[in-house]
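Right, one structure below, let's go through it.
The values are calculated or read from the model by the stated rules, or taken from the named source; none is laboratory data. The structure presented is a predicted model; accordingly, all values stated were derived computationally and were not measured. All Cβ positions, even for glycine, are placed from backbone atoms using ideal geometry, and neighbour counts span all protein chains on display.
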Amino acid sequence: MKSPSLLSNLFNLLLTPAVPARSLSITDSQLVLLTLRHQRGEFEPRQAGLVQIPPGLLRPGFEQPNITDEARFLDLLRRVADQADVRKMGNLNVALPTGSARSLVIALDSLPSSKSEMAQLTDWKIERASGYPISELQVSRHRLADQNGAPHWLVGVVHQRVIAQYENLFRQLGWRAGLITPQNLGAVAWLLRGDLQEDQLLVSVTSSGFEVIFVRGNEPIMVREVECQPEEVENEFYRLMVYYRDRLVPAGESPNLSRVLTIGTIADQQRFRDLVSAALERSIISLNAGQIGLKLDPGMSLQQVAVAAGLSSMAW
């Protein structure tokens, strides 16, 4: 089985259909498998399955294998495929659990004079951010637009021990995972499709805090994963909004962010919309499924399917 590609050419894939329309999202509590249909400007999940993961069976972590009982997890993978009525899986995209793979934006003070020097400097930045030697990681890099004259990269990182376990399980089932990403990069695909001139924000609520991706045009400009206690969420998030306002908005300009996509409950969507509005002192739109072009059947929620459907949307 060919080794899956983590975040490989993610943004090129948004422009050049090259990924399957079927995706699997893995969290610490559920598996979501779906095939996406694109018709008349709308995306609609088809052949969808959702299976709950028992507590303790999957323990997301960056360094060690995540799954505590591989035989039980294999059974859940078979069950979600049966529920989605998928007889032959073929190729699929996979979003790993939050905490198991990381995405980050790294910057250099200036563009190095050679490719080897650039690789050394970005490797050093990745090692500092992840806490692990580059030799133990599977890494992909995507060059972003410069900010304030400084070169930036979007980086996807997963530890080899972690991805090896998932690869082995997929191999046993005969599944071919071509594109593997962190959860938040599956969800942010909905914002990248719009190619709007104004800034946008993705907020993903997690069991240990939240993640944010600020988007400008069709590229991320900042990625943050924040671990905190529930009572600390609002203060931590407000600090990030102040950082965006003071450091990421071009000098002499006012913040033009007016759209936020929150992957969470309805209460989460309202709370983060209000926090963004208060920090930027402007009206904010909290995007729902219809506004991003996703048609959901009754009983489906954006929180459940946003990541898997976002990955599948890259097929168009």
### Query
Any residue at all in the range 180-189 that is part of a loop (DSSP other than H, G, I, E, B) and surrounded by 16 or more Cβ atoms within 10 Å (Cβ to Cβ)?
yes
## Note on the structure
Taking the range 1-32 and keeping only residues that are in a strand (DSSP E or B) and either at pLDDT below 85 or not small (Gly, Ala, Ser) (or both), one is left with Ser5, Leu6, Arg22, Leu24, Ile26, Gln30, Leu31, Val32
### Query
Applying the selection to the range 190-207, what residues are closer than 16 Å to Ser286 by Cβ and either in contact with a helix residue (DSSP H, G or I) (Cβ under 7 Å, 6 or more places away or on another chain) or crowded, with 18+ Cβ neighbours inside 10 Å (or both)?
Trp190, Leu191, Asp199, Gln200, Leu201, Leu202, Val203, Ser204, Val205
### Query
Which one of the conditions (1) of a type in the set (Gly, Ala, Ser); (2) at pLDDT below 90; (3) touching a Leu at 6+ places or on another chain (Cβ under 8 Å) does Gly149 fail to meet, given that it meets all the rest?
(3)
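Listed here are the residues, each with its yes/no results for (1) within 18 Å of the chain's Cα centre (by Cα); (2) under 25 Å from Ser208 (Cβ atoms).
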residue	(1), (2)
Cys228	no, yes
Val233	no, yes
Asn256	no, no
Ser277	no, no
Leu280	no, no
Leu294	yes, no
### Query
Which condition number in (1) at pLDDT 90 or above; (2) within 16 Å of the chain's Cα centre (by Cα) is the one that Arg193 fails?
(1)
### Task
Would you point out which residue out of Phe170, Phe210 is buried (at least 23 other Cβ atoms within 10 Å of the Cβ) and either among the basic types (Lys, Arg) or on the phi < 0 side of the Ramachandran plot (or both)?
Phe210
### Query
Does Ser258 satisfy being surrounded by 12 or more Cβ atoms within 10 Å (Cβ to Cβ), small (Gly, Ala, Ser) and modelled with pLDDT of 95 or more?
no
### Task
Determine, yes or no, whether Glu211 is out of contact with any His (no Cβ under 7 Å at 6 or more places or on another chain), touching a residue at least 12 places away in the same chain (Cβ under 8 Å) and closer than 16 Å to Phe272 by Cα.
yes
### Query
Of all residues in the range 130-155, how many are among the hydroxyl-bearing types (Ser, Thr, Tyr) and within 17 Å of Val188 (Cβ to Cβ)?
1
### Query
Listed residues Thr68, Thr35; which is buried (at least 18 other Cβ atoms within 10 Å of the Cβ) and either at pLDDT 95 or above or of a type in the set (A, V, I, L, M, F, W, C) (or both)?
Thr35
### Task
Return yes or no: is Phe62 more than 26 Å from Leu296 (Cβ to Cβ), crowded, with 20+ Cβ neighbours inside 10 Å and of a type outside the set (Ser, Thr, Tyr)?
no
